Amino acid sequence: MSKLVQGYEVVIGFETHAQLSTTSKIFSRAPTAFGAEANTQACAVDMALPGTLPVMNIGAVERAIEFGLAINAHIAERSIFARKNYFYPDLPKGYQISQFEIPVVQGGEVSFFLEEGKETVRKTVRLERAHLEEDAGKSLHEDFIGQSGIDLNRAGTPLLEIVTQPDMRSSEEAVAYAKELHKIVTWIGICDGNMQEGSFRCDANVSVRKPGGPLGTRREIKNLNSFKFMQQAIDYEVRWQIDQIEDGHSIQQATVLFNPDTGETRAMRTKEDAADYRYFPDPDLPPLVIGRDWVARVKGEMAELPRVMAERFVRDYALPEYDATQLTQSKAIAAYFEASAKACGQAKLVSNWIMGEVSRRLNASELSIEQAPVSAAQLAALISRITDNTISNNAARQVFEGLWNKEGEVDAIIEAKGLKQMNDTGELEKIIDEVLAANPKNVEEFKAGNAKALNGLVGPIMKASKGKANPGQVNALLMTKLGG
């Protein structure tokens, strides 16, 4: 059941441009490095000088194959490049080489978990296609003697445009999809995922409709370069469209931009349809033919995929599917988990600590898992001291604090802070007897059937032991002495 906004259903589809991690451009040998001086990385092919011809970059094709394998898509054995005709100052040829009728990657899906109220649900977004294309240049609107400038460094940079079906029904779902897609392309190494530099650019197609009605007219929010702005932009656009419809206006198909300073979207231009681009097969490029043996070779060279690793974590470590998915958000997190789980043999406890205290600390300090002050080996040692009853869970948090602040190793911190649990039965029984004698009312209430009265006894025992008593042992001894 879709979440409604003011009685309307939100419908969202995505188009994402992932810049492929090749060192040269898709149809030339010019470099792709970011940040070079304007127009120093554009060769004759990129500038469309007369007589130049494009030559396909095999590395770009192999990265498209990897993506197709990662999302369980069909990889076309024969795909075609087309000319997409439009006229911008930063498009030197007057057309963009792209793919239209037969893309290289067809279908596939991206799945992720989403919090909905108190539930965690699995969502799946169907992909329509992913096709190879070249990037355009960039218009620079600084004052160049009263004129704009053109930088062709990006012209010809290889892109994989990833297009979804209109399957998302909220901004939260859209952001979760975008984060999962970002994880996939960076995990397999086909894109560095740098949103600020434009390596991973998301366009959201947003429309609203009454439940069960036909799809509404969509507006495309272009070039969303952060997950935070993505959610803000979609939420504003949804409210704007609903207000327009409620006021009796119709929605015009358009391309819009999001202004993070005002939190608003504004129309940039009316949106073109495919027919406006006058696609036709590029006569300078033969069909792209990908044999099954080529696909098999690429597959054999790929690292373990996140979804495959998550399935292995469920199988080998008996983790819930949700835990396994969270732990495979990046290769670094997965490696940290495996190293710690193998060292202490307590996979579920390791998972709980990583998703809990470790993540909380990293987020608060704005650190990545690679920068964590607590190593995987130290976390394993800490968990081992919990499971062998050396320390309690509460004491473990104090030890973790010490590890985070570089106060020493686990056993040294336990010793220095006096956190070792009291496991001496005789000493513990003495404390329990004293507490029972001092709290006859709680004893009577418990024996009369009030189970909650036990809590009034456990607290004073833990206090008398300075928190060193083993809670499980305390409960067991109490039940024995009270005849529970």
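Where a number appears in this text, it was derived from the coordinates with a stated rule and is not lab data. Remember, predicted model here, so these are calculated numbers, not experimental data. Note that each Cβ is placed from the backbone with ideal geometry, even for glycine, and that neighbours are counted across all protein chains shown.
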| task | Report the relative contact order of the chain, percent, no decimals, based on alpha-carbon pairs under 8 angstrom and at least 6 residues apart. | result | 13
| query | For the chain, what is the Kirkwood hydrodynamic radius in Å, using each pair of distinct C-alpha atoms? | reply | 26.7
| note | The alpha-carbon center of the range 232-302 and that of the range 133-152 are separated, in whole Å, by 22
| query | For the residues ARG269, ARG361, what sequence is obtained by ranking on other C-beta atoms within 10 Å, fewest first? | reply | ARG269, ARG361
| From the backbone phi of the range 48-55, what are the Karplus-calculated ³J(HN,Hα) couplings (6.51 cos²θ - 1.76 cosθ + 1.60, θ = phi - 60°) in whole Hz, Gly and Pro given as x? | 6, 5, x, x, 7, 10, x, 10
| note | Inter-part gap, Cα centre of the range 352-408 to Cα centre of the range 446-468, in whole angstrom, is 29
| query | What's the exposure ranking of PHE227, PHE112, PHE258, PHE81, going from fewest to most Cβ atoms within 10 Å? | reply | PHE227, PHE112, PHE258, PHE81
| note | For the chain, longest principal axis from Cα atoms; helix 306-317 axis from its Cα atoms; angle between them, nearest 10 degrees, is 20
| field | Extension gain (nm, one decimal) between THR40 and GLU321, 0.36 nm per residue minus Cα-Cα | value | 96.3 nm
| said: Nothing charged except the Cβ atoms of Lys and Arg (+1) and of Asp and Glu (-1): what's the magnitude of the dipole of the chain about its Cα centre? Round to the nearest 20 debye. | reply: 940
| note | For LEU127, other-chain or 5+-apart residues with amide H closer than 5 Å (H placed, Pro excluded) are GLY108, GLU109, VAL110, GLN165
| query | Which aspartates and glutamates have a Cα lying under 14 Å from the Cα of LYS222, excluding residues fewer than 8 positions away in the same chain? | reply | GLU15, GLU161, ASP203, GLU237, GLU264, GLU272
| message | Sorting check: for 16-26, 304-314, which peptide has the highest mean count of neighbouring beta carbons within 10 Å, and how do the rest follow? | response | 16-26, 304-314
| How far, in degrees from 0 to 90, does helix 455-464 lean away from the longest principal axis of the Cα atoms of the chain, to the nearest 10? | 80
| field | Theoretical FRET efficiency, 1/(1+(r/R0)^6), r = Cβ-Cβ of VAL289 and LYS179, R0 22 Å, to 0.05 | value | 0.05
| Which of LEU127, CYS43, PHE144 sits closest to the plus end of the dipole of the range 4-294, meaning its Cα is farthest towards the positive end, when Lys and Arg get +1 and Asp and Glu get -1 on the C-beta? | LEU127
| Radius 10 Å from Cβ of ILE150, net charge of other residues (Lys, Arg +1; Asp, Glu -1) | -1
| Rounded to 10°, Cα long-axis angle of helix 331-344 versus longest principal axis of the chain | 20
| said: Quick check on the exposure proxy: order THR40, THR32 from fewest to most C-beta atoms within 10 angstrom. | reply: THR40, THR32
| query | Which residue, chosen from PRO281, SER111, ASN194, occupies the Cα position most advanced towards the positive end of the dipole of the range 4-294, where the dipole is computed from +1 (Lys, Arg) and -1 (Asp, Glu) charges on Cβ about the Cα centre? | reply | PRO281
| request: Would you calculate the separation in nanometres between label points at ASN352 and THR480, each defined as 7 Å from the Cα along the Cα-to-beta-carbon direction? | output: 2.5
